[in-house]
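**Q** Quick one: the structure is below, and I'll ask about it shortly.
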Amino acid sequence: MNKFFKILLFIALPILSIAFSSCSASKGLQKNNIRDISANRLIHEVENNNFVFDKFQAKFNAKVKTDDVNLSLKGQLRMKNDSIVWISVALPIGVEVVRALVTKDSVFMINRTEKTYIKESIQHFKQIPSEIAEIGFIQAILVGNDITLKKSDKNDVQIVDGKYNLLTSNILKITSKNNETYSATKDLIIDPENFRICKLILQENSKKARKVELKYGKFEAVEGGLVPTEIELEMNQNPDIYINISYSNINLNAEHDYKFSIPKKFTLAK
């Protein structure tokens, strides 16, 4: 599988590779303007303010940068809650290069430039913990939610730069291909006015110490909820990856088409 295809795969399934400004709705409150809150209460408020949808459709523009790649792309995202994620990625001139379909148990993708395809079970991605190798987690990442919060975890709340910082240790247990098991810690930066997530940080506790940062901004009111229209992702690995995604034309009521087929002449990606 060439590097270009790998990057497009990462765009289509951001979380399967381990997910602009801070929340625009925030007023930049100082610490003494924010009431202290327990971790369990904060989790409760975040869960109550998750963006809820049955169907979701949006257009997007994306910028992708690595050490030797700088791409501008556009596309469409369509989702059915807890069921389907469908993504079409195109070049700026409108030519589709990648189409992906994720269901509860499978991942399908075609690369039109290479005439190759992927057809795998989600569980094929063995390094992915079972709690995030699921459609609900992928959808949550794409709309700025977090469905992995647990009140039983060892959580701590700090107030930093006018926002809540929810720190959770040992949130994920990951087993690598050589059966090495390690954990990852997670920090959530949360707006105190609307309890929406501004930033999510995942940090591996391993020799590689890989780190993923997801920033959510420019929240838009849609059907009574707030959804981020800007998502910025930074991942330090080899190579480092930076992705910026901007949503537009968000629609929760459209009848969706999830067309997906693998052309007969396409071969399995290696």
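**Q** Efficiency by 1/(1 + (r/R0)^6): what FRET value for SER106 and ASN251, r their Cβ-Cβ distance, R0 = 25 Å, to the nearest 0.05?
**A** According to the calculation, E is roughly 0.45.
**Q** Test of understanding: what is the full-extension gain from ASP36 to LYS270, defined as 0.36 nm times their sequence separation minus their Cα-Cα distance?
**A** This chain segment gains 79.0 nm when fully extended.
**Q** Apply the Karplus curve 6.51 cos²θ - 1.76 cosθ + 1.60, θ = phi - 60°, to the phi angles in the range 59-67 and return the couplings in whole Hz, x for Gly and Pro.
**A** 8, 8, 10, 9, 10, 10, 10, 10, 4
**Q** Let me ask something else about it. My understanding is that a pair violates if its Cα-Cα distance is over 19 Å; which of LYS59/LYS259; LYS65/LYS186; LYS163/LYS215; LYS63/LYS215; LYS115/LYS265 do that in this structure?
**A** On the way: LYS59/LYS259 16 Å; LYS65/LYS186 24 Å; LYS163/LYS215 14 Å; LYS63/LYS215 15 Å; LYS115/LYS265 7 Å.
Among LYS59/LYS259; LYS65/LYS186; LYS163/LYS215; LYS63/LYS215; LYS115/LYS265, the Cα-Cα distance tops 19 Å for LYS65/LYS186.
**Q** Now a separate question. With the contact rule set at Cα under 8 Å and sequence spacing of 6 or more, what percent relative contact order holds for the range 37-77?
**A** About 32 percent, as a whole number.
**Q** What chymotrypsin sites (Phe, Trp or Tyr not before Pro) in the range 177-263 are in a loop by DSSP, with at most 16 other Cβ atoms within 10 Å of the Cβ? All intermediate terms of the calculation are to be shown ahead of the outcome.
**A** Values: sites: TYR182, PHE195, TYR216, PHE219, TYR242, TYR247, TYR258, PHE260; in loops: PHE195, TYR258, PHE260.
Passing both the DSSP loop test and the Cβ count: TYR258, PHE260.
**Q** Then there's this: Please compute the modelled spin-label separation between ILE262 and LYS218, points set 7 Å along Cα→Cβ, answer in nm with one decimal.
**A** 3.6 nm
**Q** From the phi angles alone, apply the Karplus equation (6.51, -1.76, 1.60; θ = phi - 60°) to the range 71-86 and give each ³J(HN,Hα) in whole Hz, x where the residue is Gly or Pro.
**A** My calculation for the range 71-86 gives 10, 10, 9, 9, x, 10, 10, 10, 9, 10, 3, 6, 9, 9, 10, 10 Hz in order.
Here, each number is a calculation from the coordinates, and none is a lab measurement. Just so you know, these numbers come straight off a predicted model, no measurement behind them. So basically every Cβ, Gly included, is an ideal-geometry build from the backbone, and we count neighbours across all protein chains shown.
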